[in-house]
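See below for the structure under consideration.
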Ligand SMILES: *Cc1c(COP(=O)(O)O)cnc(C)c1O
């Protein structure tokens, strides 16, 4: 299997090259040259364990990795999850299921991608006898998930910049209490934008980048999207027959990464009943799928911070298919969007996507209602998925984070806190953060000294 860029100006690459590169050199995103057809395969997958399913699915893409190596990585990928089923599907009533994606080490769904990516990175380092330095800037969740994906991995170091005092205390502890000697949590004296600007400048320095074998924690890495495909197939196979073809998967999404994975699974021939894009008040995707208007607005901080995003980078992968796999059209749309912050689709093929958006007040009300009705506590991101749930068909809501990660909103909504042993344990561990000025020079010097 080869991988191509959505912008059509990069020669095709192998799976391992696509993983190592992250972003294609022409600025596009990688996609499989052709999508495998799963319609004759999924029947045989119903009895597989989660890690066996992960292995079978990736063997269709990672054709340059020997089967035994892939099997070993798939078996190890989710051993740090705290539930034997990895992604348990929980039934709330006859037409409502919740797919719990928060049983990984950082209690959010990003662990599905980053735990496996950590193994892929380590594998590449070991087979090529190279080292790797991962540098990222985070406003919270991604940094924690990336750190836990690379914790203790051979030949890889990770430096994560975050704005000091502006991530939640629990998020900070997830990054800075790992006790791993290949992890550096850098508390930048500035905002998230300052941290990100410093990181971007460092990536532009070719000499430094090559010398340290610098790699980004990329939200657009194809391996992340593919790893997320697996839990859709897993959940779909666990639905009762009769419900399978009907059920709409409701997906809290910001960067379009989570829901894109489900859409790809359907395109590969697993007949999911439907897909809903569930956003918070930062609703660029809601506007896109209801009116065809794709236009950036200012990001307004919400109760569901990991979806406070206005440019949905993974949308470009959907666009490629929506524009009949024509890279010239993708380049034209993306160029206009970059220049004006807007693109109006005259007749975007919405391909049965539905969409919803939830305000902060609605998020609180939903957490209260779901708790009253089912005795089940959802986190603020998952709550967006419960907005206007269909009454005429079954739904599977993807639960993307454990509620204990957001104690304040939960307390406000239901009058008591939600807790989790992993988070409680963090509260007594020593914090190892490195305070650092928000300048390129300071970050470079730190990497020189510790890289
Ligand atoms: C990142 C994140 C999302 C959104 O995922 P996308 O890849 O942006 O679609 C939703 N919920 C939680 C808890 C997250 O951390």
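Tabulated data for the structure shown
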item: Residues of segment 153-170 that turn out to be over 30 Å from residue 126 (Cα atoms) and in contact with a helix residue (DSSP H, G or I) (Cβ under 6 Å, 6 or more places away or on another chain), as a count; result: 2
item: Filter result (in a loop (DSSP other than H, G, I, E, B) and out of contact with any helix residue (DSSP H, G or I) (no Cβ under 7 Å at 6 or more places or on another chain)) within segment 66-97; result: 66, 79, 81, 82, 83, 84, 88, 94, 95
item: Subset of segment 260-281 (residues that are touching a residue at least 60 places away in the same chain (Cβ under 8 Å) and not in a loop (DSSP other than H, G, I, E, B)); result: 263, 264, 265, 267, 274, 275, 276, 277, 278, 279
item: Some residue of segment 109-117 being within 16 Å of the ligand (Cβ to nearest atom) and part of a strand (DSSP E or B); result: no
item: The one condition in (1) away from the ligand (no atom under 16 Å from the Cβ); (2) without any contact (Cβ under 8 Å) to a residue 12 or more places away in the chain; (3) over 18 Å from residue 284 (Cα atoms) that residue 338 fails to fulfil; result: (3)
item: Only listed residue being free of Cβ contacts under 8 Å to residues at least 24 places away in the same chain and assigned to a helix (DSSP H, G or I), chosen from 207, 241; result: 207
item: Number of positions in segment 225-245 that are at pLDDT below 95 and within 13 Å of the ligand (Cβ to nearest atom); result: 0
item: Out of 150, 99, sole residue that is outside the structural domain of residue 210 (by TED's automatic domain parsing) and surrounded by 18 or more Cβ atoms within 10 Å (Cβ to Cβ); result: 99
item: Tabulated pairs, segment 394-422, first within 22 Å of residue 82 (Cβ to Cβ), second more than 16 Å from the ligand (Cβ to nearest atom) and assigned to a strand (DSSP E or B), C-beta under 9 angstrom, 6+ apart or interchain; result: 396/89; 396/96; 396/97; 396/248; 397/92; 397/96; 397/97; 399/90
item: Test result for residue 167, more than 16 Å from the ligand (Cβ to nearest atom), over 19 Å from residue 258 (Cβ atoms), crowded, with 20+ Cβ neighbours inside 10 Å and not assigned by TED's automatic domain parsing to the domain that holds residue 246; result: no
item: Evaluation of residue 48 against (1) buried (at least 18 other Cβ atoms within 10 Å of the Cβ); (2) free of Cβ contacts under 8 Å to residues at least 12 places away in the same chain (one fails), failing number; result: (1)
item: In segment 282-307, the residues that are within 11 Å of the ligand (Cβ to nearest atom), within 14 Å of residue 409 (Cβ to Cβ) and part of a loop (DSSP other than H, G, I, E, B); result: 304
item: Wholly within segment 367-429, helices (runs of 4 or more DSSP H) carrying at least 3 residues that are in contact with a strand residue (DSSP E or B) (Cβ under 6 Å, 6 or more places away or on another chain) and within 16 Å of the ligand (Cβ to nearest atom); result: 380-385
item: Subset of segment 212-224 [within 16 Å of the ligand (Cβ to nearest atom) and in contact with a strand residue (DSSP E or B) (Cβ under 9 Å, 6 or more places away or on another chain)]; result: 216, 217, 218, 220, 221, 222
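The values are calculated or read from the model by the stated rules, or taken from the named source; none is laboratory data. Quick caveat, the model's predicted, so the values are computed rather than measured. Cβ coordinates were reconstructed from backbone atoms using ideal geometry, including for glycine residues, and neighbour counts include every protein chain displayed.
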